[in-house]
1. Can you tell me which residue in the stretch 113-131 is surrounded by the fewest Cβ atoms within 10 Å (Cβ to Cβ), limited to those that are modelled with pLDDT of 85 or more and not in a strand (DSSP E or B)?
2. Which is at pLDDT below 95, out of contact with any Pro (no Cβ under 9 Å at 6 or more places or on another chain) and surrounded by fewer than 21 Cβ atoms within 10 Å (Cβ to Cβ), of 287, 316?
3. Residue 54: outside the structural domain of residue 320 (by TED's automatic domain parsing), among the charged types (D, E, K, R) and closer than 26 Å to residue 12 by Cβ, yes or no?
4. Might you check whether a residue that is more than 17 Å from residue 312 (Cβ to Cβ) and of a type in the set (Val, Ile, Thr) occurs anywhere in the stretch 161-179?
5. Tell me whether the stretch 207-214 contains one or more residues that are of a type in the set (A, V, I, L, M, F, W, C), surrounded by fewer than 21 Cβ atoms within 10 Å (Cβ to Cβ) and assigned to a helix (DSSP H, G or I).
6. In the stretch 196-206, how many are in contact with a helix residue (DSSP H, G or I) (Cβ under 9 Å, 6 or more places away or on another chain) and loosely packed, with under 15 Cβ neighbours inside 10 Å?
7. Got a sec? Which of 288, 329 is touching a helix residue (DSSP H, G or I) at 6+ places or on another chain (Cβ under 8 Å) and outside the structural domain of residue 28 (by TED's automatic domain parsing)?
8. Pull up the stretch 215-238, narrow it to residues that are within 21 Å of the chain's Cα centre (by Cα) and in a helix (DSSP H, G or I), then point me to the one that is nearest to residue 163 (Cα to Cα).
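The values are calculated or read from the model by the stated rules, or taken from the named source; none is laboratory data. Since we're looking at a predicted model, the values are computed, not measured. Neighbour counts run over all protein chains shown; Cβ positions are idealised from the backbone, glycine included.
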Amino acid sequence: MKASYKKYTLDFKVPSGTSRGVMTQKETWYIILEDKDAIGIGECGILRGLSVDDRPDYEQQLAWTCNNIHLGKNVLLSELKEFPSIQFGVEQAFLSLQSKNPFELFPSDFTKRESPIPINGLIWMGDTEYMLQQLEQKLRDGFGCIKMKIGAIDFEQEISILKSIRDNFSPDDIELRVDANGAFAVDEAMSKLNRLSAFKIHSIEQPIKAGQWEAMAELCKKTPLPIALDEELIGVFDVTEKEKLLQTIQPQYIILKPSLVGGINGCKQWIALAEKQRIGWWITSALESNIGLNAIAQFTYALDTKMPQGLGTGSLFTNNIESPLEVSEGKLFYRQSKVWDMDLIQKICT
């Protein structure tokens, strides 16, 4: 078996803002496996500034992985514990190599019968006018669940946007989620949660910065609306530590991004621990190209969850790889009539 890796830079159609800053490009890497006439491809979707494996030796670790591909998937995954995005790329590449169709990793009604996955529509941070424009477009596109990034502009402006949504749409019409990306100060978080709760919010992601377990536990205990942990899960590798985190904080939900929490195996471990403690969960992509998004979507469908997932990021880039993935009426479909851009994939792989 031969293994190689390639870098690819995704360009955003529109600069996309979070409380951590504005993104215009997103770096990603592919692992390519070749064995006789078979080929497998997996995406290592690192997020600079957020991923725990955003380290100077990242590319060196990719080279080590490819040079030691003979060790096999299980040994590699064990050795790559501190590089969750590479773990996910390795998992994908081996699944791809072993599949009849290198892009059908989890055959199901999603891939064979176009059975869709409900997803949320994502509204990025910006000025009030821009955020309202996004909202109007998402509603025209048929989304019944909207996720709004908050924490970068004036809080009163964000409250105003949420009020305008609720003045026109009831919770039965539109499910609202908000994502603070850790933007709230601990001493102001509860008052902001109380303000937000007036708008019947489904949940808020990561209201305060990760690593403040006692403060987050207090918020989760007293919160007037459900709290979902996101960044809090990043860099927690040991199963005992994962269980301790959930037992200590006792969140209402956790959000799983395979590229950030150790891929498929990492997600399964978190899910088992969460369900044991009756904690809800959903899956979200982390700005991967359609290679990684395809794997996440197929894996998510196999989990048989009915909650809207965070898988609508494929249309954000000007140079994404064309694929059968299509968003329509607030759902993600795998269209039989659409095909992968094999010319671009071949270019990436050579």
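1. 113
2. Answer to the selection: 316.
3. It is true that residue 54 is outside the structural domain of residue 320 (by TED's automatic domain parsing), among the charged types (D, E, K, R) and closer than 26 Å to residue 12 by Cβ.
4. yes
5. Yes, there is a match, as at least one residue in the stretch 207-214 is of a type in the set (A, V, I, L, M, F, W, C), surrounded by fewer than 21 Cβ atoms within 10 Å (Cβ to Cβ) and assigned to a helix (DSSP H, G or I).
6. The number of residues fulfilling the criteria is 1.
7. Exactly one residue qualifies, and that residue is 288.
8. Ranking the qualifying residues of the stretch 215-238, first place goes to 231.
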